[in-house]
Amino acid sequence: MKWMIFSLVIVFLLSGCVPMALMMGPEILPSGTLKQAVGMDLLVGFEESILAPWSFQYLARMGLTEYLEGSLRVAIPSIFISAPAATVEAGAKLGVPGFRNAALLVSGGVFLGKKPSGISRDDYFIPFLRVAPMAGFYIRDWMVGAKLQLFVASEVGIIPGLFLTNGKFYFELDIPFAESTSSPDGGLFGISVAF
């Protein structure tokens, strides 16, 4: 138990801006089932070979029906990157009848905070919308898949990504297109643990 608390504290300290890693695959949880995850995004700069903490995330998911799941995500920014103080997002994931390995996430939320990069005023409240179709296939106990996020905030971003999950551990690589909501020189690598 002590090592889990220690790990969470370290992740929190190292954990900044738009939560890109969705920390979920296309499977829909059974009705009434609650699943939680904690994780973080790492900013990866390919040309400059950097690896920096980006955001700490908490995600709660609940199965509502056979083909519908609700989610709530909270992201806290890294202490190393100028970013919103917090991100809060709620959404619904819609399953595709007959295709248990495909789904569509539709969510919305807000950025809250002070003086992030590119915003001059002191306090701000920026709403955003995310639409993300995702699909995958199983290799033994692991699902390998892809997703494409349309992210609309003060700018419109298109963010393709690849993910690997076994339901407990989740790994994701997102590479935002240039001129998107978040456009680092590289991508974002997300890692999380579900419980």
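The values are calculated or read from the model by the stated rules, or taken from the named source; none is laboratory data. Being a predicted model, the structure only gives us computed values, none of them experimental. We place every Cβ from the backbone using ideal geometry, glycine too, and count neighbours over all the protein chains shown. SASA here: full protein model, heavy atoms, side chains in, ligands and nucleic acids out. Shrake-Rupley method; radii C 1.70, N 1.55, O 1.52, S 1.80 Å.
If residue 167 meets every condition in (1) of a type outside the set (Lys, Arg); (2) at pLDDT below 80; (3) part of a loop (DSSP other than H, G, I, E, B) apart from one, which number is that one?
Condition (2) is where residue 167 drops out.
Kindly evaluate residue 58 against the criterion of being modelled with pLDDT under 80, among the aromatic types (Phe, Trp, Tyr) and surrounded by 14 or more Cβ atoms within 10 Å (Cβ to Cβ). Before you say what the answer is, go through the steps one by one.
On the way: modelled with pLDDT under 80: no; among the aromatic types (Phe, Trp, Tyr): yes; surrounded by 14 or more Cβ atoms within 10 Å (Cβ to Cβ): yes.
No; evaluated as a whole, the condition is false for this residue.
Restricting the search to segment 143-164, which residues are assigned to a strand (DSSP E or B), over 13 Å from residue 21 (Cβ atoms) and open to solvent by 60 Å² or more (accessible area, probe 1.4 Å)?
148, 150, 156, 158
For segment 25-50, which positions are touching a strand residue (DSSP E or B) at 6+ places or on another chain (Cβ under 6 Å) and at pLDDT below 85?
41, 42, 43, 44, 45, 46
Go through segment 89-111 residue by residue and tally those that are open to solvent by less than 60 Å² (accessible area, probe 1.4 Å) and modelled with pLDDT under 90.
Residues in segment 89-111 being open to solvent by less than 60 Å² (accessible area, probe 1.4 Å) and modelled with pLDDT under 90: 2 in total.
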